[in-house]
Amino acid sequence: METSSLRPAEARPVPAAPEDAAGAPAHLTTADRIELLRAMLLMRAIEARALALYRQGRVPGSFYDGFGQEAVSVGAAFALGPRDRLCPLHRDLGAHLVRGVAPARILAQYMGRASGVTGGRDGNVHFGDPASGVIGMVSMLPDMMCVATGMAMAFKLRGEPRVALTWFGDGATSRGDFHEAMNWAGVQRLPVVFVLENNQFAYSTPLSKQFAVDPVERARAYGFPGVTVDGNDVEAVFEAVLEARVRALAGEGPTLVEAVTMRMHGHAAHDDMRYVPPGLLAEWGERDPIERQQQRVAELGIDVDALRAAVDAEVEAAAAEASAAPMPDPADAVRGVFAEGEPVPLGDGRAPWSGFVEALS
Amino acid sequence: MPTMTYLEAISDALREQLRADERVFVMGEDVSAFGGAFKVTDGFVEEFGEQRVIDTPLAEAAIIGTAVGAAVVGMRPVCEMQFADFVACGFDQLVNVAGKAHYRFGLAVPIVVRLPSGGGFSGGPFHSQNPEAWFMHAPGIKVLAPSIAEDAKGLLTAAIRDPNPVVFLEHKHLYRRVKGEVPPGIYETPMTARVAREGSDLTVIAYGAMVHAALEATEQLDASVEVLDLRSLVPLDEAAILASVAKTSKVLIVDEANETCAAGAQVAALIAERAFEQLDGPIRRVATPDVPIPFSPPLEQAVLPSVDRIRDACRDLLDY
């Protein structure tokens, strides 16, 4: 990997996609490859539906999505076992879907309904379903790097074969919590995977104003490897995170996985993206992660149109269910600040990768 | 019953919880090999090992942030900030991550952050602060501030067993200065106020080191002065405060913290709102003026609430 010649003033050079798109990957069955596509389709369909609801005034506040970045959250979450724990970011809806959070609860979350994951206490993707082993993010970035590091510390202290994983963006690498978590995880050789979701812009700020050297280069300075993958190739993201997980479980410590992608929508729905250089969106549009996976799956002889139709129907039903759900009771606004009694342990999320299913059976 | 210093009582609580509950571990800067800057965890690593007495990098945000992570997967971390002042570096993790998790999605975060706080010995602007009010203003965090050895042990035990984030203010000036009988074995002190001395003419409300200043200031007064030790700031024992004011009709509130929006300001607001009819004089406050805590002894003594200032305020009120 080149370091000195890296010029982050320009958009990150993107690693080449696999030439043989239909070539069977080492760790994925046909069912896995379909599931990866299905999760990405579901993420995009939910976010498209939610964006429409936002424009109709039915989603309060602001609306953030991960359009174009679906492969990063889906691919990484797919590499996690049921007892692993994760802290997704606001463009990582796919991680929640892989772990099994129902679309109706997610749409209700956006709409501030009582049946949303936070019952209306927090908005958009600021949620984590404890039953799925997911910790919700906060808006101060990348705070969850420290939290994931702490989960990994507990796993190591107890000698449990589990990993923690968290995502964060290019902008978040400028804050001190990035350094504190990277250093801590490196010093203690913790089973944690850091996924840097490099989507070219932090709100309107391009990489050239964020760092002088690509942050993936920093990993080595903290004593562990940093690898760059094509963040628009869901199978490549999966493979990189799977490898990082294997390293973590072998006691070899953390890995920084940089997934290079592009935020195809504005920072939030209000953002017209006037700061994005002409042509960049078109260039990345050619590399759409869903199109790519759809082509692979189609070449396996799968009816992707039927898959798409099933996903769309599922999202329509979820939207109807969420729209019919009641708003929260105002009296609930002052409840639940403090916990009482023994905490309920986090649940184990869905872990659909065939490798885990086989290991369990 | 054994007699212990305030510091020994804190160590005792930690040691007993480490023995009783395998989920408990302590971490912080220099807490392991060195036993902590104030020696609270002296000898711990020999008994419990480096896995449970963890020397961390110099990283307050990560100390608190990793504690949150460990807590949500079933551990009971007890973090030490080397000085309470340094919690400013971990403020965000405590206030935004730990404090809001249960409200947002029902996720309990059982962590304790120990804060060696307070001034009086030339610590200067960065080793003398009383930051408790910062956390009173942040929903979801309990705030404890014991004044005597027995309560220091019992409240720290309660904090470690509590399912919420708890900041535990241990006043550095009390560490070796205050001694008292401490029950052996495990016990919890309730997060309520304690009547440190009963009285009927005037109530002095204080917590932490100021309880001792209040007791000393009112010892020789020719009046019956009640001293109420709050012990817990969140939850705040409103019933005990109102009951004492109803009994005496006069109240002085003492904070070692900077005056504006201090814990005592909240207590004053509570009394003004809920006990106005019982008052027979203005609510008076003695606190540190809104300046950083200066280093040089004459400067520091000029700003910290002194026994004389408290006594003068009591006399004014008694004469009112």
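Annotations
- Separation of region A:250-277 and region A:281-301, taken as the distance between their Cα centroids, equals 18 angstrom.
- Residue-wise HN-Hα coupling along region A:100-110, computed from phi with Karplus coefficients 6.51, -1.76, 1.60 (Hz; x: Gly, Pro): x, 6, 6, x, 5, 5, 6, 5, 5, 4, 4
- Cα convex hull, the protein assembly as shown: 169 Å³ per residue, rounded to a whole number.
- R0 of 51 Å, Cβ-Cβ distance B:ARG274-A:ARG274: FRET efficiency to nearest 0.05: 0.40
- Under the criterion of Cα pairs below 8 Å and six or more residues apart, the relative contact order for region B:1-111 equals 25 percent.
- Cα gyration tensor category, rounded, prolate or oblate, for region B:263-320 with a/c compared to 1.5: oblate
- Rounded to the nearest 0.05, the FRET efficiency derived from the C-beta distance between B:ASP308 and B:SER200 at R0 = 25 Å is 0.55.
- With contributions of -39500 (n - 2.57) from each DSSP H run of at least four residues, the per-residue ellipticity at 222 nm computed over chain A stands at -12500 deg cm²/dmol.
- Net charge of Cβ neighbours under 13 Å - reference A:PHE127; Lys, Arg +1; Asp, Glu -1: +3
- Three-way shape label, chain A, alpha-carbon gyration tensor, a/c 1.5: rounded
- Between B:ILE186 and B:LEU299, the modelled labels are 4.7 nm apart [label points 7 Å from Cα along Cα→Cβ].
- With a Förster radius of 56 Å applied to the beta-carbon distance between A:ALA331 and A:ALA250, the computed FRET efficiency rounds to 0.65.
- Partner lysines whose Cα lies under 17 Å from the Cα of B:LYS142, excluding those fewer than 8 positions away in the same chain, are identified as B:LYS100, B:LYS153.
- Amide H contacts of B:VAL204 (H built 1.01 Å from N, under 5 Å, at least 5 apart or other chain): B:GLU226, B:VAL227, B:LEU228, B:LEU252
- Helix-only [θ]222 nm of chain B, DSSP H runs n ≥ 4, -39500 (n - 2.57) each, per residue, nearest 500: -10000 deg cm²/dmol
- Cβ-to-Cβ counts within 10 Å put B:ARG309, A:ARG274 in ascending order as A:ARG274, B:ARG309, the fewest first.
- The order of A:TRP184, A:TRP167, A:TRP353, going from fewest to most other C-beta atoms within 10 Å of their C-beta, is A:TRP353, A:TRP184, A:TRP167.
- Antiparallel DSSP beta bridges within region B:3-181, percent to nearest 5: 15
- Counting charges near B:GLY180 (Lys, Arg +1; Asp, Glu -1) among other residues having Cβ under 13 Å from its Cβ returns a value of -1.
- Three-way shape call for region B:111-175 based on the alpha-carbon gyration tensor, with the a/c threshold at 1.5: oblate
- Taking label positions 7 Å along the Cα-Cβ direction at both B:GLU238 and B:GLN51, the computed distance is 4.6 nm, reported to one decimal.
- Span from the region B:253-281 Cα centroid across to the region A:31-59 one, whole angstrom: 53
- Between A:ALA282 and B:ALA20, the modelled labels are 7.1 nm apart [label points 7 Å from Cα along Cα→Cβ].
- Rounded Å value of the spacing that divides the Cα centres of region A:154-209 and region B:295-320: 50
- Listed by Cβ neighbour count within 10 Å, with the fewest neighbours leading, B:CYS261, B:CYS89, B:CYS79 appear as B:CYS261, B:CYS89, B:CYS79.
No value in this document is a laboratory result; all are computed from the given coordinates. None of these values were measured; they are calculated from a predicted model. Here the Cβ is made from the backbone with ideal geometry for all residues, glycine too, and neighbour counts use every protein chain on show.
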